[in-house]
């Protein structure tokens, strides 16, 4: 709803009231319409101020209304009526003005913003465009180049940046509503024709056609198959080349196309999935709403390699006091310099002072004795991590949470090294740790709900999307990655090339294909893990035995490259060749093609033609199948957890909703049928054997993804 009051005698104050973000629901829109009519009809009222309660202007449209029949006054005519009003209307922007909230503000004649407010048009992140005149008014107000940037990226801008653009008329550090009311009194009675943005000419550069062509090419590259950013460019082009009314019609047409697209459904599902993962639960019955976290004031990071440095930066930037420990003096000096540089660069981007004073460095583990939480980030070696946890258990004060930044090692084994195993959880960060949004919080059978809640809350405070998952080899993300990588290698054995496999995956929407990503991260990383697992054998072994490990098909191709010293970008050779070590420009390598031919000949493998469909189905469906196994095992509570992990941690294209949601768009019955087909052709590959949960879901009529938890519960009760 919206509350109407009269203040200072002559100002009608309309306050949006729809917690938590004053979304423009049907009731709110009706309240705005009724309040505006009242304000315009009262002779005593000379001007109007629109604000939001609780220090928030408006977060935009109510996304929950998207799935049903829209009711209440439409947003576009409401905004047009505000703009056409005979009395000046001032938007008092506090907190946020996003999407429809900013479009509402653009319909007002003036905009006053608090200095800490943020504004933006993030509709593109939901697979849409600003559909209430935002794509037409914004370029007329701030110019085409700036509008293209904001609309195609969906990024938020600060009040200071908005003032620089000309998006707001004034910013203040004081009570925004009071400032807006005084401003409204001053402008009462002034002519409004020059304040109606829809009447402005569009501010276009002289080479507008060249600009739009360049922007469209850039957006197509970065969108990786998403259609909403492209539609946003088309809508802004309509603003630049058509009269306002025709531009609005073009905006409506583009919006209608997007609104019914599968990508929009996927992105809206993903929006709600981000909320769902915060409502975590454990097999013990512990839940997010009954498990209160303990405050963390001081944290420690043990090990200042690449991951430890990033974690330290993330903690310091969030305001935590950090003890950073590295036992090797040379590495400690290097880490100090690197962390300081990262903090200074980050602070410069955000326009704040670097948090250098938040970090105390030490070379002795004794220096963490008084911290509330420790994150161990030493080398991924179980024996080393066990030793560190033994030391931490002896040194830390009672009640200190002990967390491991492991990407897949057994949390239970680490917990067993401590006096209080219930205080041990995994905190799996993704590199670079101060940038990547994902955090897997891993609990074992002994982990307490208190420890999980505290780790989840810490992740939220440092800006991560935290997902609680159970303990198993590889947890969720890396466990699902294994069959994906295996299938890519098997496809090489059968006739594909690295560049073809990568091309197919990148056309699907991944930022990098599997082999380019492997070269980036380093082939030797996985090689060392496989050696520790006993999977790697000398390359002198010949015959079929080379391709079987522990009773299942195994491809040694990556091992053989590592034995040649080909570790990827760092050595200038891997699955691709590079001009020099460290270069990021991947080029097809004739040596690698000859190597594959020789390998196939040695193992009597006949190369065959492999098409796009087979690459996608074998790589993606095997990954999805493992996702069903994870759900069946209770490692992830629901499909949303898996989808959030894969979008934020593994560059799964967001506009496809995540691997589990993607399975619903393909059709679970088709996924099952194709897995059965490939498993029949490759019976020595267990990851292609369809999971029981997948079969149960298909037998249940392939229910919507929101209903999967019911089937999962039944399947798990039968195990």
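At R0 = 22 Å, how high is the FRET efficiency between residue 511 and residue 220 if r is their beta carbon distance? Nearest 0.05 is fine. Write out the running numbers ahead of the final one.
Numbers: r = 14 Å, r/R0 = 0.66.
It comes out at approximately 0.95.
With the cut-off at 20 Å, report for segment 365-439 the share of all Cα pairs above it, as a whole percent. Please report the intermediate quantities before stating the final value.
Numbers: 723 of 2775 pairs.
Across segment 365-439, Cα pairs with separations above 20 Å total 26 percent.
Please report Rg (one decimal) and Dmax (integer) in Å for the Cα set of segment 298-475.
14.9, 45
What does the convex hull of the Cα atoms come to per residue for segment 2-259, in Å³? Numbers along the way, then the final one.
Numbers: hull volume 29.4 nm³, N = 258.
In segment 2-259, the Cα hull volume divided by residue count equals 114 Å³.
Is it possible to state the helix-based mean residue ellipticity at 222 nm for the chain, with each DSSP H run of 4+ residues giving -39500 (n - 2.57), the sum divided by total residues, to the nearest 500 deg cm²/dmol? What is it?
Values: 28 runs with 339 residues, N = 719.
That comes out to -14500 deg cm²/dmol.
For segment 153-257, report the translational diffusion coefficient in µm²/s to the nearest whole number, using Stokes-Einstein at 25 °C, 0.890 mPa s, and a Kirkwood Rh over Cα pairs.
Details: Rh = 16.8 Å.
In µm²/s, the coefficient rounds to 146.
Which ordering of 1, 427 is given by a fewest-first count of other beta-carbon atoms within 10 Å?
Details: 1 15, 427 25.
Ranking 1, 427 by Cβ neighbours within 10 Å, fewest first, gives 1, 427.
On the principal axes of its Cα set, how long, how wide and how thick is segment 1-140? Give whole Å, largest value first.
Cα extents, longest axis first: 44, 35, 30 Å.
Less than 19 Å from a label point 7 Å out along the Cα-to-Cβ axis of residue 330: which backbone N atoms in segment 368-388 qualify, by residue?
379
Return the FRET efficiency for the residue pair residue 249, residue 583: r is the Cβ-Cβ distance, R0 is 35 Å, and the value is rounded to the nearest 0.05.
Details: r = 49 Å, r/R0 = 1.40.
Working from the Cβ atoms, E equals 0.10.
Express in whole angstrom the spacing between the alpha-carbon centres of segment 579-601 and segment 89-144.
That distance is 50 Å.
Restricting to bridges with both residues inside the chain, how much of the DSSP beta-bridge set is antiparallel, in percent to the nearest 5? Don't jump to the answer; show the numbers that get you there.
Numbers: 18 of 65 bridges.
Restricted to the chain, the bridges split so that about 30 percent are antiparallel.
Which three extents, in angstrom, do the Cα atoms of segment 85-152 have along their principal axes, listed largest first?
34, 27, 19
Mind giving me the nanometre distance, one decimal, between the label points for residue 706 and residue 196, set 7 Å out from Cα along Cα→Cβ?
Each label point lies 7 Å from its Cα, and together they span 4.1 nm.
Suppose each label sits 7 Å from its Cα in the direction of the beta carbon; what would the residue 84-residue 292 distance come out to in nanometres?
5.5
At a 10 Å Cβ-Cβ cut-off, how would you order 622, 135, 71, 18, fewest neighbours first?
Details: 622 27, 135 31, 71 12, 18 20.
Lowest count first: 71, 18, 622, 135.
With each pseudo-label sitting 7 Å past Cα toward Cβ, what's the residue 208-residue 259 distance in nm, one decimal?
If labels sit at residue 208 and residue 259, their model points lie 2.7 nm apart.
How large are Rg and Dmax for segment 235-329 when only the alpha carbon atoms are used, in Å?
24.1, 68
For residue 366 and residue 669, compute 0.36 nm times the residue count separating them, minus their Cα-Cα distance, and round to one decimal in nm. Before the final figure, lay out the partial values.
Numbers: separation 303, 0.36 × 303 = 109.08 nm, distance 5.71 nm.
Extra length from residue 366 to residue 669 when fully extended: 103.4 nm.
Taking only Cα atoms, what is the 0 to 90° angle, nearest 10, from helix 329-350's long axis to the longest principal axis of the chain?
Between the helix axis and the principal axis of the chain, the angle is about 20 degrees.
Quick one: of the DSSP bridges fully inside segment 298-475, what percent are antiparallel, nearest 5? Let's see the in-between values first.
Values: 4 of 30 bridges.
Given both bridge residues lie in segment 298-475, the antiparallel proportion sits at roughly 15 percent.
In whole Å and largest first, what semi-axes does the C-alpha gyration tensor of segment 496-602 yield when each eigenvalue is scaled by 5 and square-rooted?
Numbers: eigenvalues 109, 47, 42 Å².
For segment 496-602, the semi-axes come out at 23, 15, 14 Å.
Between segment 623-673 and segment 209-255, how many Å separate their Cα centres?
Comparing the Cα centres of segment 623-673 and segment 209-255, I get a distance of 32 Å.
What is the Cα coordinate range of segment 612-717 on the first, second and third principal axes, sorted by size from largest, in whole angstrom?
33, 31, 22
Just to confirm the number: angle between the C-alpha axis of helix 382-395 and the first principal axis of the chain, 0 to 90 degrees, nearest 10?
Relative to the chain, helix 382-395 is tipped by roughly 60 degrees.
Would you please give the FRET efficiency between residue 680 and residue 714, computed as 1/(1 + (r/R0)^6) with r the Cβ-Cβ distance and R0 = 41 Å, to the nearest 0.05?
Values: r = 28 Å, r/R0 = 0.68.
Efficiency for this residue pair is about 0.90.
Compare the peptides 624-633, 556-565, 592-601, 297-306 by average per-residue count of other Cβ atoms within 10 angstrom and give them in order, highest first. Mind dumping the intermediate values first?
Details: 624-633: 23.7, 556-565: 18.4, 592-601: 14.6, 297-306: 22.1.
Going from most to least packed, we get 624-633, 297-306, 556-565, 592-601.
Convex hull over the Cα atoms of the chain, averaged projected area in nm²? Let's see the in-between values first.
Details: hull surface 134.8 nm².
Taking a quarter of the hull surface, the average projection is 33.7 nm².
If packing is taken as the mean number of other Cβ atoms within 10 Å per residue, what is the order of 508-518, 708-718, 72-82, highest first? Spell out each step's value before the answer.
Working: 508-518: 20.9, 708-718: 14.0, 72-82: 18.0.
With the highest mean Cβ count within 10 Å placed first, the list reads 508-518, 72-82, 708-718.
For the chain, find the longest principal axis of its Cα atoms and tell me its angle to the long axis of helix 26-41, 0 to 90°, nearest 10.
20
Every read-out reported here was derived from the displayed coordinates using simple, explicitly stated rules and does not represent laboratory data. Owing to the predicted nature of the structure, the values given are computational and were not obtained by experimental measurement. Reconstructed Cβ throughout: ideal geometry from the backbone, glycine too, with neighbour counts over all protein chains shown.
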